[in-house]
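What follows is a single structure, written as structure tokens, with notes after it.
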Amino acid sequence: MHASTDLRPDLDRLAPFASPDRVDPVLQEFLHRASDQLCNWIGAASEGLPLPTVRPQPAVAPTAAGLEMDRLLKDLQLVMEGAYQPSHPGALAHLDPPPLTASIAADLICAGLNNNLLAEELSPGLSDLEQRLCRWFCQRLGLPEQSGGVLASGGTLSNLMGLVVARTHAGARDGVILCSCDAHVSLQKAATVMGLPNEALLRLPVDASGGLSLAGLNSVLSDLRHAGRRCLAVVATAGTTVRGAVDPLDAIARICRREEVWLHVDAAIGGVFALWEPLAPLMEGLHRADSITVNPQKLLGITKTSSMLLLRDRSLLRKAFATGLPYMESPCGDDHGGEVGLQGTRPAEVLKLWLGLRQLGIEGIGAVLESALERKAMLKQLLEDDRLLLLDGGLHLLAFRPRQDDPVVSARWTEQTRRELMRQGFLLSRPRYDGHHWLKVVLGNPHTTRAHLMQLAGLITQQLTD
Ligand SMILES: *Cc1c(COP(=O)(O)O)cnc(C)c1O
């Protein structure tokens, strides 16, 4: 079958669709030149700053006649110059590490394949790959035979889906959801989307290490029982956003089992530690959860977005989300992707996850995790100073502020210090926590060396004396 050109006279000049008859020269040149630009951008990362000082504003509206490749590549360059640069060794503010090379390549292929995980007939091999990769995660985390999962465009969606499954399983409309006061804001969104009143999300106290207080959990569950109110789910966090604290998963799981309450673990940050045996004890008890959110985009360098919801009993996904897809053939495999999650059309995000993990290998995953913890330990040691208060929850995050218990002092100091560090090529974040502003360092960037950390600590200490 040869495509004729007579139905598309205006399109031929730009050749915006690649030829189905031969290797398309425009596509090939476009990809080569665009990837050269990208390689240059990444390769020059350490010459600039993590946050660019320019904010280019490329024209937005499509022109009447459409643009040639040269002009489009220039526009792309402009956008790149104004982008956050995760590959800069001083990019330490958030859970947004440099991308893995295999993940970048897989993302490109994903775009070119343009398959759709909504239905098996639109993504035959990729649907299967997603299910098998989710099962591999489940096995690695120690979940039982019937477990499985689904990929989602971010942890916010994974958490929402986990809670929707919990509620469907409970066979109820209303009830409360329990989590710690340090749990992620996405749980509030989930409760809102689920139509629950604001009070339905109960935030319980944390102990000194930042983990959910077991005494608090026990007492609230008992109060609820006496009041005849239903608990839809307990959400434990494995890696809180500000201090990287891990709730006592094993003990919480036992309590949930006793109370017959669903346990969802928001392991968006910490879940990947369970993939590497020597560090898996950090996630002890994770395998007892009913549902788990994991975000490989946050530390392993899988390109965004990469999140997954894992279920102890995979069939519950279908029970919560299947509508029937009357315009699709039945799948040969277990399910259509659109029948086991909230999203309809979605890209094959599994590709960059799968290829990225294959590139790292188990030992590479271990090296990413171990080195992040080592950098945290090193910076923590460098910042041991009577004038600083440090918060370390056990993962690769570290927060600190002046010890003086005056919120005005910490607000001013963190603001000034952040600005000065930014000038020197270090991007830290400045969360509000416990009535104060803090500076937060996320040590997941593999390009950050010992020398960088010594320089960073030196600059911070300098700010204390000034
Ligand atoms: C980042 C994060 C989320 C939300 O994930 P997104 O991918 O940003 O939607 C949820 N929970 C925790 C603990 C997180 O750190």
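Quick notes on this one:
- Annotation: amide H of L201 within the under-5 Å range of I177, sequence separation 5 or more or interchain, hydrogens built in the peptide plane.
- Separation of alpha-carbon centers, segment 436-450 and segment 116-176, rounded to whole Å: 31 Å
- Beyond 23 Å in Cα-Cα separation lie the following of the pairs K74/K298; K352/K376; K298/K440; K376/K440: K74/K298; K352/K376.
- Segment 434-442 - phi-based ³J(HN,Hα) in whole Hz, Karplus 6.51/-1.76/1.60, Gly and Pro as x: 6, x, 10, 8, 10, 9, 10, 10, 10
- Antiparallel beta bridges, as assigned by DSSP with both residues in the chain, represent about 60 percent of the total such bridges.
- Taking a straight Cα-Cα cut-off under 23 Å and skipping sequence neighbours fewer than 8 places away in the same chain, the lysines within cross-link reach of K319 are K189.
- For the peptides 386-397, 24-35, the ranking by packing is 386-397, 24-35, with the highest mean count of neighbouring Cβ atoms within 10 Å listed first.
- Placed amide H near A152: partners under 5 Å, 5+ positions off or other chain: S307, M308, L309
- Gyration tensor (alpha-carbon) shape descriptor, segment 63-183, a/c threshold 1.5: prolate
- A helix-only calculation puts the chain at -13000 deg cm²/dmol for mean residue ellipticity at 222 nm, using -39500 (n - 2.57) for each DSSP H run of at least four residues, averaged over all residues.
- Positive-end residue of G162, L100, G112, charge dipole of segment 99-196 with Cβ unit charges: G162
- Whole-Hz couplings from phi, Karplus 6.51/-1.76/1.60, listed for segment 121-127; x for Gly and Pro: 6, 9, 7, x, x, 6, 4
- Cα centroid of segment 272-299 to Cα centroid of segment 360-379, whole Å: 15 Å
- Cα shape, segment 218-354, gyration tensor, a/c 1.5 rule: oblate
- Cα shape, the chain, gyration tensor, a/c 1.5 rule: oblate
- From the alpha carbon centroid of segment 197-268 to that of segment 1-64 is 49 Å.
- Segment T53-I362, length gained on full extension (0.36 nm per residue, minus Cα span): 107.4 nm
- The amide H of L388, built 1.01 Å from its N in the peptide plane, has R403 as neighbours under 5 Å, considering only residues 5 or more places off or on other chains.
- A simple rule links phi to the HN-Hα coupling: the Karplus curve 6.51 cos²θ - 1.76 cosθ + 1.60 with θ = phi - 60°, which for segment 421-428 gives 5, 4, 4, 8, x, 10, 9, 10 Hz, with x for Gly and Pro.
- Potential lengthening of the chain between D21 and Q146 amounts to 40.5 nm, from the contour at 0.36 nm per residue minus the alpha-carbon distance.
All of the numbers you see were taken from the coordinates with simple rules; none came from a lab. All values reported here derive from a predicted model rather than from experimental measurement. A quick note on method: Cβ atoms are made from the backbone with ideal geometry, for glycine too, and the neighbour counts reach across all protein chains shown.
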